[in-house]
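A quick write-up on the structure given underneath.
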Amino acid sequence: MTLLKQIARQAALQGEKCAYRSRGGALTYTQLWEKAAALAGFLAGQDSPVLVCGGKEPLMPVCFLACLLAGRPFVPCEADAPPERLAYIREASAAGTILAAAPAPPALAGPCLAEAPEIERLCAQTPPIRELPANPGRDAYILFTSGSTGRPKGVRIPVSALEHFTRWFSGLPGCRDCVEDTTINQARFSFDLSVADLWPAWAAGGTVFALDSTQQADLALLYAALGESGGARLTATPSFLRLCLCDAAFCQELLPRLRCVFLCGETLPARTARQFRERFPGARLLNAYGPTEATCAVCTAEITGEMEPLPVGEVATAASELLILGPEGEPLPEGEPGEIAIAGPSVGRGYIGAAGGGFGCWRGRALYRTGDRGKIAAGRLWYLGRIDRQIKYKGYRIEPGEVEGVLSTWPEVHAAAVLPLRRRGEVLGLAAVVEWAAGPLPPEECARRMRASLPSYMCPRVWQSVSPMPLTSNGKQDLKKLEELLQHE
């Protein structure tokens, strides 16, 4: 049964059950399906992507489902994203329609924009779409990730990969036991971890309880929302779990029904896993691995007992084949570290436009070379860091080149390098090391300029001046020396 047929079935069977709830309101299954089907009637007839802008408003998931019903890929983005980034995503995706669940920023203004009141009118007045779209090879969604070229890259994920992920995820031990209950959504919808929330829950008739950015920024509001959620499953980054655990209030008494936590997006510290298991002894903790290019996640390992370091997946139960490749693309034997690659139905269709990347073919199947270093040993996958300079912070993938590209446009900057701030192997943020053309700009001015061009998680927290910029014998920036400089500051 296709994903859309599963959701239609749940809407017919339990129409008055809550399908989605956030601080902005709630939707029953009947409301979700009827609104999406009507909006799909408006969207049908074109095949261009639809840019969907907003936060956690109930109209956001309505728009996503409507796009799937209309056979058009959706491109999620936040209304508070930097104007330059929004304008670039709009142009690069060639979006033919823009749906704004929240007040639209000026960068999205134009005749193809429909804001919340107009969307609600379309949902109420447009005849619903009658036939479900075919062609599972079409794009389901496009997510923009940080690009090494200095520009975000749009990853194309087909319906077939989304459906494959949903089946795999829903069958995981721990997830299958609570997928029909309430799932707590932490990730923004522009972050692919949210894929693990909406679609498996709706296919099984579960409820999604979404946390917005305001609730996540205030511990009192966060704990109140978590206590109200009745959540049985939490999908989050390790950074978010660590935030929750900073106060003893985050315990089994707050979330008595919590039975599973699914973590992905960055390295899980062993101490965080240990602290969680002490607070929630009856819940299962799943540590997962997977890039945006392979539909959210492809493998997971349950963390039990004392483990350090922690595995990120069981090979035998992976959603697609896991490979460890050498420099020439040759498979490496078990236990030997190399580049993690993924082959099979999880892999997306590449990037929009002419952006390059690690996509290829392996024995007749789609392949993605992740750029992550790892090894397979004892039937498990172990993550060993990045081969290139990509940084994972709060679940987001950050290419330093994108941040450096912004700095290179400043007339006051002669040269710049962006590096991770680390403590005990954990990324705490970004540092910019700058060789100024004259005197350094005040940190406040640097921060203001960065916020105008990049999301907050990509803005450096520390600004370090250097003169001259240290170089290797090949004339490249000496990143090792720069890392040592930061360590001594």
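The values are calculated or read from the model by the stated rules, or taken from the named source; none is laboratory data. What you see is a predicted model; the values in this text were computed from it and never measured. Backbone-built Cβ (ideal geometry, glycine too); neighbour counts: all protein chains shown.
Is one or more of the residues making up segment 425-443 over 30 Å from C77 (Cα atoms) and in contact (Cβ under 8 Å) with a residue 40 or more places away in the chain?
The answer is yes; a qualifying residue exists.
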Going through segment 171-211 one residue at a time, which ones are out of contact with any Lys or Arg (no Cβ under 9 Å at 6 or more places or on another chain) and under 18 Å from L243 (Cα atoms)? Q186, A187, L193
Suppose we filter A107, A95 for residues that are farther than 30 Å from W168 by Cα and modelled with pLDDT of 95 or more; which single one remains? A95
Where T304 falls short, out of the listed (1) surrounded by 17 or more Cβ atoms within 10 Å (Cβ to Cβ); (2) among the β-branched types (V, I, T); (3) more than 20 Å from W199 (Cα to Cα): (1)
Any residue at all in segment 42-58 that's within 15 Å of A201 (Cβ to Cβ), modelled with pLDDT of 95 or more, not basic (K, R) and not in a loop (DSSP other than H, G, I, E, B)? no
I want to confirm something. Restricting to segment 412-437 and keeping residues that are surrounded by fewer than 17 Cβ atoms within 10 Å (Cβ to Cβ) and either at pLDDT below 90 or among the β-branched types (V, I, T) (or both), which single residue is farthest from S453 (Cα to Cα)? R424
Out of segment 264-295, which residues are free of Cβ contacts under 8 Å to residues at least 60 places away in the same chain and either assigned to a helix (DSSP H, G or I) or not assigned by TED's automatic domain parsing to the domain that holds V179 (or both)? A270, R271, T272, A273, R274, Q275, F276, R277, E278, R279
All-but-one check, A378 against (1) surrounded by fewer than 20 Cβ atoms within 10 Å (Cβ to Cβ); (2) in contact with a Lys or Arg (Cβ under 8 Å, 6 or more places away or on another chain); (3) without any contact (Cβ under 8 Å) to a residue 40 or more places away in the chain, failing number (2)
Do you know which residues across segment 438-461 are of a type in the set (A, V, I, L, M, F, W, C), modelled with pLDDT of 95 or more and over 25 Å from the mean Cα position of the chain (by Cα)? L441, C446
Test each condition in (1) out of contact with any Gly (no Cβ under 8 Å at 6 or more places or on another chain); (2) over 23 Å from L486 (Cβ atoms) for G439 and report the one that comes out false. (2)
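Looking at E293, E321, which one is surrounded by fewer than 21 Cβ atoms within 10 Å (Cβ to Cβ), acidic (D, E), in contact with a Gly (Cβ under 6 Å, 6 or more places away or on another chain) and modelled with pLDDT of 95 or more? Spell out the reasoning first.
Numbers: E293 fails: surrounded by fewer than 21 Cβ atoms within 10 Å (Cβ to Cβ).
After ruling out the rest, the residue left standing is E321.
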For segment 346-386: of the residues being in contact with a Gly (Cβ under 9 Å, 6 or more places away or on another chain) and of a type in the set (V, I, T), which is farthest from E330 (Cα to Cα)? I352
Tell me whether segment 15-34 contains one or more residues that are under 19 Å from I98 (Cβ atoms) and modelled with pLDDT of 95 or more. no
Return a yes/no flag: does segment 237-260 have any residue that is closer than 20 Å to R188 by Cβ, crowded, with 18+ Cβ neighbours inside 10 Å, touching a Lys or Arg at 6+ places or on another chain (Cβ under 7 Å) and assigned by TED's automatic domain parsing to the domain that holds G358. yes
Filtering strands (runs of 3 or more DSSP E) wholly in segment 132-215 for at least 2 residues that are without any contact (Cβ under 8 Å) to a residue 24 or more places away in the chain and crowded, with 24+ Cβ neighbours inside 10 Å gives none
Are any of the residues in segment 361-374 assigned to a loop (DSSP other than H, G, I, E, B), touching a residue at least 24 places away in the same chain (Cβ under 8 Å) and over 27 Å from C260 (Cα atoms)? no
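Got a sec? Which of T317, T370 is polar (S, T, N, Q), closer than 27 Å to L428 by Cα and not assigned by TED's automatic domain parsing to the domain that holds V427? Spell out how you get there, then give the answer.
On the way: T317 fails: closer than 27 Å to L428 by Cα.
Only one candidate passes the filter, namely T370.
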When residues of segment 397-409 are filtered for being of a type outside the set (S, T, N, Q) and closer than 20 Å to P470 by Cα, how many remain? 6
Candidates E84, E91 - the one that is touching a residue at least 60 places away in the same chain (Cβ under 8 Å), surrounded by fewer than 20 Cβ atoms within 10 Å (Cβ to Cβ), not assigned by TED's automatic domain parsing to the domain that holds L222 and not in a strand (DSSP E or B): E84
Answer with yes or no whether V261 is touching a residue at least 60 places away in the same chain (Cβ under 8 Å) and either under 20 Å from K56 (Cα atoms) or not small (G, A, S) (or both). no
Tell me, which residue of segment 451-462 that is in contact with a Pro (Cβ under 7 Å, 6 or more places away or on another chain) and crowded, with 16+ Cβ neighbours inside 10 Å is farthest from T409 (Cα to Cα)? P455
